[in-house]
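Working notes for the structure below.
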Amino acid sequence: MVYHAKTDIILGITMFLLVWIFGAISLLVFITSLSTVIIMSTSFIVSVVYFWWYANSIRFIFCENYLLVKGGPFKSKIPYQSITRVLPTTEKYTGYLISSSDKGLEIFYKTAAHGSIKILPEDKMKFILELKKRCPNAQIPQNQQFE
């Protein structure tokens with residue numbers, strides 16, 4: 001089962017415009033030769049495409065033995081038996097996707113590298129129900145707390 005991340009359109013458009021405006025301004029300052037313009041333009045376009053790809057490819061995949069959180073080239077495999085609890089989070093601007101929504105989920109799990117991950121699936125209620133099926137021992141509050 002695959003769930004996509006909820007994206008904030010207004011925040012995305014604002015960041016997109018700001019990146020292009022600041023990129024154009026910085027390019028105008030450093031115009032010294034054609035090769036400089038080509039190198040800076042190429043590196044800027046590659047960076048923008050990379051961040052766009054990362055932000056638009058975030059998904060949460062329920063595999064047989066683990067939850068796979070994938071965004072661009074990054075991925076986290078969280079075994080179901082290591083998930084200890086799931087709580088609503090009100091922290092903005094954190095997690096796999098920068099979002100202005102303050103109604104995400106924080107999944108706590110046992111591992112050496114991380115203690116929790118913050119996510120914001122598009123269909124939060126279906127995601128929680130699926131997680132409850134696969135992690136019966138995890139502490140997951142009633143659905144009303146996640147709305």
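For segment 27-46, which residues satisfy the criterion of being closer than 24 Å to Gly72 by Cβ and modelled with pLDDT under 80? Selection gives Met40 alone.
Are any of the residues in segment 119-133 modelled with pLDDT of 80 or more, surrounded by fewer than 17 Cβ atoms within 10 Å (Cβ to Cβ) and touching a His at 6+ places or on another chain (Cβ under 6 Å)? There is at least one residue in segment 119-133 that is modelled with pLDDT of 80 or more, surrounded by fewer than 17 Cβ atoms within 10 Å (Cβ to Cβ) and touching a His at 6+ places or on another chain (Cβ under 6 Å).
Restrict the check to segment 84-105 and report whether at least one residue is under 14 Å from the mean Cα position of the chain (by Cα), farther than 13 Å from Lys6 by Cα and at pLDDT 85 or above. Looking for residues that are under 14 Å from the mean Cα position of the chain (by Cα), farther than 13 Å from Lys6 by Cα and at pLDDT 85 or above, one finds none in segment 84-105, hence no.
Look at Tyr66 and say whether it is among the aromatic types (Phe, Trp, Tyr), under 30 Å from Ala138 (Cα atoms) and more than 14 Å from the chain's Cα centre (by Cα). Spelling it out, Tyr66 is indeed among the aromatic types (Phe, Trp, Tyr), under 30 Å from Ala138 (Cα atoms) and more than 14 Å from the chain's Cα centre (by Cα).
Count of segment 23-39 residues, restricted to those that are open to solvent by 50 Å² or more (accessible area, probe 1.4 Å), part of a helix (DSSP H, G or I) and farther than 18 Å from Val49 by Cα, is 5.
Note on segment 121-136: among residues that are hydrophobic (A, V, I, L, M, F, W, C) and part of a helix (DSSP H, G or I), the one that is farthest from Asn65 (Cα to Cα) is Met125.
The values are calculated or read from the model by the stated rules, or taken from the named source; none is laboratory data. Keep in mind that this is a model prediction, so the values were computed, not measured. Positions of Cβ are backbone-derived with ideal geometry, glycine not excepted, and every protein chain shown enters the neighbour counts. For accessibility, only protein heavy atoms count, side chains too; no ligands or nucleic acids. Shrake-Rupley method; radii C 1.70, N 1.55, O 1.52, S 1.80 Å.
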